[in-house]
Amino acid sequence: MKIYIYICSIYIILFFSCCTDFLEVKPDIKMVIPKSLDHAELLLNDYTIMNTGYPTYGEWSADEYYVSSQTFDGLLNFHQRNTYTWMDIVYDDIAQWQRPYKAIFNANQVLDIVTKNEANVDAERAKNLSGIAYFFRAFAFQQLAEVFAPAYQISTAQTEMGIPLRLAPAIDAPSVRASVQETYGQIIKDYKAAAARLPIEEAIKGRPSRASAYAGLARTYLYIGNHDKAYDYADSCLQLKADLMDFNTLKGTSTLPIPKFNVEVLFAAVSATAGPMSLNNGLVDSMLYLSYTDHDLRKSIFFRKNTVPLNSYSYKGSYDNAQANLFVGLTTSEMYLIKAEAAARTRKIDEALLALNKLIEKRFVKNQYIPVTERNATLLLPLILQERQKELVFRGRRWSDLKRLNLDPQLQKTIKREINGVRYQLEPNSRKYAYRLPEIVVNNGNIPQNIR
């Protein structure tokens, strides 16, 4: 009891000895409740939260790369090894789930601030900030859904589980898994809201513009199989921004040849750690590497030849100019490929060929590219899909592409790996294509786990 009285006395003395000015100031900026448009701007300018840390479990599970047994045993952690071999066991790493939801939380705070400041005289600024917030929320939802939800199919989208759609900043509200249909409906709704509010030009790097929102819509509609709208939005994006790098101007001998925030970047975003796919861990699939011809500059821009193991290659073509993360943002090069694929699928052959050839010509040694002339849509589509994989390698697109293409029996692929003499494989349309939710999320949030 004496000890208790003594401790209380110390606290009382310290309290009354503090100056009144100190009591007027929050000791931690994180304790300040954001209320103004200035606060909203600061939330959106937090590049670390808004533009980085997107999930990589899907890409770790895809077929663009492999790791040696030595790397698998010595350099990969528990979750990386299990993801690489599709072991599908209970795991507790919450970071790749949590970090996109931090971006969503910030976006929701901004939208709440803007709503409460509707009478603010700076209406144009409020409109722009809300457009940015809608974009970030859509992008984060999309990244989560592509990893943690099953592939979109019209016949099952209403009943399959998507992701929790947090649409308000209230952190105590219960999480409920929306359907896949509701998930992609919200993503599209948010991207459209962003497109209606964002400026055509955005000077601050890392922020989206109107072309970014159109690109997000093109990516979403391609994934859900609405090729008419995928074409329209890719075309709308390219009408606003169609720049391409000429790979003849890049130095293939550089460690990281592609500059960050280059002219193709519509929206910059990077993953959580590249892990097994990092420059020093991941080895490029040998058949994929051999698909590049000698005049294709991507062969030297994208890949580094290794001394160990012999005849192996690693990826160095990061659009973030970095080794530790994967670039997962939006680019004009992706839009040319979406436009080409969607055009081929909807029998717009001239448009498909124009989009494809305009892109690939910029990847070849000058005057060495032979344009694709195939006019049979059935034969043209596989050519476009092959170029899509070659162009978007290690860019966060392969897992979602496998999921959507596996729905077509003619495009299905079984992925196989071998480590220490043990063979593993992932069947087309496996339930494992919807990655397990972290167990702590399932238990604490009282939400259902993905079906197995």
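The values are calculated or read from the model by the stated rules, or taken from the named source; none is laboratory data. Keep in mind the model is a prediction, meaning the values are calculated, not measured. Don't worry about glycine lacking a Cβ; one is built from the backbone with ideal geometry, like all the others, and counts go over all protein chains shown. Ligands, DNA and RNA are stripped out before the accessible areas are found, and what is left, the full protein with its side chains, is counted by its heavy atoms. Shrake-Rupley method; radii C 1.70, N 1.55, O 1.52, S 1.80 Å.
Laid out as a table, the results:
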item: Pair list, Cβ < 6 Å and 6+ apart or interchain, from segment 257-284 residues that are under 18 Å from Y336 (Cα atoms) to residues that are part of a helix (DSSP H, G or I); result: E264/T332; E264/S333; L266/A211; L266/S212; L266/A215; F267/S212
item: Subset of segment 296-321 (residues that are of a type in the set (S, T, Y) and not in a loop (DSSP other than H, G, I, E, B)); result: S300, Y313, S314, Y315
item: Residues (open to solvent by 40 Å² or more (accessible area, probe 1.4 Å) and out of contact with any helix residue (DSSP H, G or I) (no Cβ under 6 Å at 6 or more places or on another chain)) located in segment 162-198; result: L167, A170, I171, D172, A173, P174, V176, Q181, E182, K189, K192, A196
item: Qualifying positions in segment 354-381 - open to solvent by 20 Å² or more (accessible area, probe 1.4 Å), more than 20 Å from Q410 (Cβ to Cβ), in a helix (DSSP H, G or I) and in contact (Cβ under 8 Å) with a residue 12 or more places away in the chain; result: N357, K358
item: Single unsatisfied condition, A272 versus (1) modelled with pLDDT under 95; (2) of a type in the set (G, A, S); (3) assigned to a helix (DSSP H, G or I); result: (3)
item: Condition check for E202: among the charged types (D, E, K, R), in contact with a Gly (Cβ under 7 Å, 6 or more places away or on another chain), free of Cβ contacts under 8 Å to residues at least 40 places away in the same chain and surrounded by fewer than 22 Cβ atoms within 10 Å (Cβ to Cβ); result: no
item: Count of residues meeting criterion [of a type outside the set (D, E) and surrounded by 14 or more Cβ atoms within 10 Å (Cβ to Cβ)] in segment 414-452; result: 21
item: Flag for F148 being within 26 Å of L222 (Cα to Cα), touching a Phe, Trp or Tyr at 6+ places or on another chain (Cβ under 7 Å), open to solvent by less than 60 Å² (accessible area, probe 1.4 Å) and of a type in the set (F, W, Y); result: yes
item: Cβ pairs under 8 Å, 6+ apart, first in segment 154-175 and over 29 Å from A40 (Cα atoms), second among the charged types (D, E, K, R); result: M161/R177
item: Unique residue being at pLDDT 95 or above, within 30 Å of Q368 (Cα to Cα) and outside any loop (DSSP other than H, G, I, E, B) when the list is L222, L266, L217, L256; result: L266
item: Which numbered condition D401 fails, given (1) open to solvent by less than 40 Å² (accessible area, probe 1.4 Å); (2) touching a strand residue (DSSP E or B) at 6+ places or on another chain (Cβ under 7 Å); (3) closer than 29 Å to T156 by Cβ; result: (2)
item: Residue selected from segment 322-347 under the condition in a loop (DSSP other than H, G, I, E, B) and more than 30 Å from M50 (Cα to Cα), by the criterion least open to solvent (accessible area, probe 1.4 Å); result: T346
item: Matching residues, segment 221-265, being among the β-branched types (V, I, T), closer than 19 Å to E391 by Cα and touching a helix residue (DSSP H, G or I) at 6+ places or on another chain (Cβ under 6 Å); result: none
